[in-house]
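A.B. asks: I'd like to ask some things about the structure below.
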Amino acid sequence: MLCNEHKVYQAYNRNGVKKNQKIVSKAVKIDHLKFEFVRKEKQELTSNNNLANRGLNTKLTRLGNNPRDFYGFINPPVVHASTALFPDYDTMKTRDQKYTYATRGTPTTDALASALNNLEGSAGTIIVPSGLAAVTVPMLAFAKTGDHCLIVDSIYGPSRIFANSILQRLGVEVEYFDPHIGDGFANLLRENTSMVLIEAPGSNTFEMLDVSAVSEASHQVGAVVMMDNTWATPLFFKPLDHGVDISIHALTKYPGGHCDLILGSVSANERCWKQLAETQLTLGVCAQGDDCYLVLRGMRTMGIRLKQHEKSAIKIAEWLSGQKQIARVLHPALPADPGHELWKRDFSGSSGLFSFVLKDASDSQVGEFLDALELFGMGYSWGGYQSLAVVVSTKDRTIAKAPEGGRLMRLQIGLEDTADLIEDVEQALTKIT
Ligand SMILES: Cc1ncc(COP(=O)(O)O)c(C=O)c1O
């Protein structure tokens, strides 16, 4: 990319110093700016190199792109592209240039991938069009006929639909396991177990897993371990540090943070990177610049947003635990939760999504409760700035069913004032008593 420095040189040479005194003084001024520019660029490089020792929020304000790559502007450009031109036939033949075609990445997709590599500690990251694609693409990358695949029963529902349809059609045997299986997990592994897909805490029922133990056992038979890490984000849990090979995110949620995009990422260690990247290229499942830009922008504030989601969600979860209409609250950061010890051991925080059981509620009472909420919207997805409430079903599961005693409801706690949210839930609960 042509940077300021090159442009300055071009202007200087084109105009010629001796021909016109006015131009000479302008050129000298520009030359001075050029010096400033080079000096600052060096500082920038130094500070980027030092990011490894900085706090997470500091990192989030710098990761991904170097402003000096594009005239010093803080944010990276949104590259709308298909074709990248080659300067000559030789370069086209050898493809010896950074960008060759937009399905293979652009400066915008690379900026986001590079930020995620830094946060995940991964060898490489692919950006795909949705969180669901972030589950299906790595599974397609490692699936082959005759394989056996283990999936935690509390996996995100649509991931299960993919496994039960396309994976099985490809001749992969899919087996679901209890998130509470503990040491028994090792007994499920077979010689042909090639993939293990986990999520912790589990979708909607929020069971915790011993990720390191699952990874270690899986590697004994050579299986690739993949984890949907959307709930914790890489700020609260880094799967690759716990032996996981592939970390999956619905960037749609906290990284985007504003309910205005759908995007996913898959970050792999050295072992899996090449095969993952090749599969993405082969499938042509690539992301668009506008969405990548929005996620990168969202990530600048993700640390402080997450802290607020966390604080507010814990306060509301604790409050709900004391209400007579609630049979149980499912949130691993609550000391009474069965997954609390594992969560405390491995995670450095919790996000804003949890469930609760509305005691003995009939379907019409569920409806009355949801309809009465004023601040909580009724809608799917989560991770955005607005609070949401839904009733969830575990009908598709075989093991990790919802607790008994009522209907399972899921809350996504947004960035509204906590007191307002509690007041809203309180008044809605009175409607069903
Ligand atoms: C845990 C989890 N993973 C993946 C996804 C899929 O993300 P997307 O909506 O971007 O496809 C979701 C969506 O709700 C999710 O909850």
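Each reported figure results from applying straightforward, stated rules to the coordinates on display, with no laboratory input. Note that the structure is a prediction, hence the values are computed from the model and not measured. We place every Cβ from the backbone using ideal geometry, glycine too, and count neighbours over all the protein chains shown.
A.B. asks: Among LYS253/LYS315; LYS311/LYS431; LYS98/LYS274; LYS93/LYS238; LYS344/LYS401, which pairs are too far apart, with a Cα-Cα distance over 29 Å?
C.D. replies: Check vs 29 Å cut-off fails for LYS93/LYS238.
A.B. asks: By the scheme Lys and Arg +1, Asp and Glu -1, what is the net charge of all other residues having a beta-carbon under 12 Å from that of LYS238?
C.D. replies: Spelling it out: positives minus negatives among the neighbours equals -3.
A.B. asks: Just report the Cα centroid separation between the stretch 110-145 and the stretch 66-90, whole Å.
C.D. replies: Each part reduced to its Cα centre gives a spacing of 22 Å.
A.B. asks: Another question, then. Once you have the alpha carbon radius of gyration of the stretch 294-428, what is it after dividing by 2.2 N^0.38 Å, with N set to its residue count?
C.D. replies: So the Cα radius of gyration is 1.05 times the expected 2.2 N^0.38 Å.
A.B. asks: Top mean-square fluctuation among GLN308, GLN220, GLN280, Gaussian network model of the chain, C-alpha springs under 10 Å?
C.D. replies: The residue that fluctuates most here is GLN220.
A.B. asks: Can you tell me the equivalent ellipsoid semi-axes for the stretch 89-300? Use √(5λ) from the Cα gyration tensor, largest first, whole Å.
C.D. replies: The equivalent ellipsoid of the stretch 89-300 has semi-axes of 29, 20, 15 Å.
A.B. asks: Here is a further query. What FRET efficiency, computed as 1/(1 + (r/R0)^6) with R0 = 35 Å and r the Cβ-Cβ distance, is obtained for ASN187 and THR282, rounded to the nearest 0.05?
C.D. replies: Step by step, r from the Cβ atoms, then E = 0.50.
A.B. asks: A follow-up question, please. Restricting to DSSP H runs of at least four residues, report the calculated mean residue ellipticity at 222 nm for the chain, -39500 (n - 2.57) per run over all residues, nearest 500 deg cm²/dmol.
C.D. replies: Here the helix-only value at 222 nm equals -12500 deg cm²/dmol.
A.B. asks: If you place +1 on the Cβ of every Lys and Arg, -1 on the Cβ of every Asp and Glu, and leave all else neutral, what size is the dipole of the chain about its Cα centre, to the nearest 20 Debye?
C.D. replies: Charge dipole, the chain, about its Cα centre: 2400 debye, nearest 20.
A.B. asks: If you average the sequence gap of Cα pairs under 8 Å that are 6 or more apart and divide by the length of the stretch 89-300, what percent do you get for the contact order?
C.D. replies: Averaging sequence separation for qualifying contacts and normalising by length gives 29 percent for the stretch 89-300.
A.B. asks: Shifting gears a bit: How high is the relative contact order of the chain, in percent, with contacts defined as C-alpha pairs under 8 Å that are six or more residues apart?
C.D. replies: 15 percent
A.B. asks: Here's something else I'd like to know. Just name one of ALA52, VAL78, GLY157: the one whose Cα is farthest towards the positive end of the charge dipole of the chain (beta-carbon charges, Lys/Arg +1, Asp/Glu -1).
C.D. replies: VAL78
A.B. asks: A further question on this structure: Calculate how many DSSP beta bridges within the chain are antiparallel, expressed in % of all such bridges and rounded to the nearest 5.
C.D. replies: 60 percent
A.B. asks: Another question, if that's okay. Plugging the Kirkwood radius over Cα pairs into Stokes-Einstein for the chain, at a temperature of 25 °C and a viscosity of 0.890 mPa s, what D comes out in µm²/s?
C.D. replies: Answer from the Stokes-Einstein relation: 103 µm²/s.
A.B. asks: Placing unit charges on C-beta atoms (Lys and Arg positive, Asp and Glu negative, everything else neutral), compute the dipole magnitude of the stretch 378-433 about its Cα centre in debye, rounded to 20.
C.D. replies: 520 debye
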